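Working notes, beginning with the structure itself.
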């Protein structure tokens with residue numbers, strides 16, 4: 001399962017999360033925790049139904065969840081780096097859409113079979129702080145669990161409190177997905193601008209689709 005985790009980009013479940021450090025009831029769970037649970041539930045569903053769902057069906061299942069759970073524009077902006085500020089609004093939208101399609105395809109491609117694995121939320125940081133870490137373990141039926149932690153931030157809103165969304169995934173609990181992506185994507189962007197990075201993301205998405 002560890003190799004599957006490293007192929008994420010990131011992206012990722014338990015309906016009954018275990019959080020002994022906080023001992024919260026369902027109604028007391030912070031919103032950030034429930035966001036991660038929603039993602040985890042969709043991933044687990046795709047894994048359990050993997051034998052009956054092809055890539056397109058898994059992608060269709062994940063698309064609305066990824067769009068809701070992740071702050072894709074922020075993740076795209078950080079992945080691009082300083083050049084983001086020079087882009088037009090149209091270029092930003094197209095880049096974010098390509099990044100979103102690739103993220104959805106990654107989850108659809110990598111979480112497609114189930115062998116008794118479970119995603120368990122083990123802990124979370126202070127929900128009153130600007131960023132909240134929700135720590136998750138991917139537990140195989142036997143063997144060592146793999147840490148997969150999510151950094152969430154509340155999206156600004158004019159009137160009401162905005163939604164909590166994932167802005168980074170820490171693979172093995174410490175390796176920032178955004179740092180890995182920025183190392184890759186900023187180089188492509190710096191050499192060819194938005195068109196080159198969009199083409200690169202689309203090619204990665206197509207490769208995942210071909211692999212099924």
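The values are calculated or read from the model by the stated rules, or taken from the named source; none is laboratory data. What you see is a predicted model; the values in this text were computed from it and never measured. Here the Cβ is made from the backbone with ideal geometry for all residues, glycine too, and neighbour counts use every protein chain on show.
Take region 51-61 and flag every residue that is assigned to a helix (DSSP H, G or I) and either crowded, with 21+ Cβ neighbours inside 10 Å or out of contact with any helix residue (DSSP H, G or I) (no Cβ under 9 Å at 6 or more places or on another chain) (or both).
51, 52, 58, 59
Of all residues in region 108-120, which are assigned to a strand (DSSP E or B) and buried (at least 22 other Cβ atoms within 10 Å of the Cβ)?
119
Run down 85, 97, 165, 128 and say which single residue is modelled with pLDDT of 95 or more and not in a strand (DSSP E or B).
97
I'd like to know if region 62-71 contains one or more residues that are touching a helix residue (DSSP H, G or I) at 6+ places or on another chain (Cβ under 6 Å) and at pLDDT below 95. Working first, answer last.
Within region 62-71, the subset touching a helix residue (DSSP H, G or I) at 6+ places or on another chain (Cβ under 6 Å) is 62-63, 65-66, 69.
So of that shortlist, the ones also at pLDDT below 95 come out as none.
The answer is no, given that none of the residues of region 62-71 is touching a helix residue (DSSP H, G or I) at 6+ places or on another chain (Cβ under 6 Å) and at pLDDT below 95.
Within region 172-208, which residues are part of a loop (DSSP other than H, G, I, E, B) and in contact with a helix residue (DSSP H, G or I) (Cβ under 8 Å, 6 or more places away or on another chain)?
172
Any residue at all in region 132-149 that's closer than 19 Å to residue 77 by Cα and assigned to a loop (DSSP other than H, G, I, E, B)? I'd like the intermediate steps shown before the answer.
Narrowing region 132-149 to residues closer than 19 Å to residue 77 by Cα: none.
Checked against the condition, which is being closer than 19 Å to residue 77 by Cα and assigned to a loop (DSSP other than H, G, I, E, B), region 132-149 yields no hits at all.
May I ask you to verify whether residue 211 is surrounded by fewer than 15 Cβ atoms within 10 Å (Cβ to Cβ), under 27 Å from residue 58 (Cβ atoms), out of contact with any strand residue (DSSP E or B) (no Cβ under 6 Å at 6 or more places or on another chain) and modelled with pLDDT under 95?
It is true that residue 211 is surrounded by fewer than 15 Cβ atoms within 10 Å (Cβ to Cβ), under 27 Å from residue 58 (Cβ atoms), out of contact with any strand residue (DSSP E or B) (no Cβ under 6 Å at 6 or more places or on another chain) and modelled with pLDDT under 95.
Residue by residue, here is whether (1) crowded, with 18+ Cβ neighbours inside 10 Å; (2) over 17 Å from residue 80 (Cα atoms); (3) in contact with a strand residue (DSSP E or B) (Cβ under 8 Å, 6 or more places away or on another chain) holds:
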| residue | (1), (2), (3) |
| --- | --- |
| 141 | no, yes, no |
| 145 | no, yes, yes |
| 151 | yes, yes, yes |
| 167 | yes, no, yes |
| 195 | no, no, no |
| 201 | yes, no, no |
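Kindly indicate whether residue 153 is over 22 Å from residue 129 (Cα atoms) and more than 11 Å from the chain's Cα centre (by Cα).
Working: over 22 Å from residue 129 (Cα atoms): no; more than 11 Å from the chain's Cα centre (by Cα): yes.
Against the criterion (over 22 Å from residue 129 (Cα atoms) and more than 11 Å from the chain's Cα centre (by Cα)), residue 153 does not qualify.
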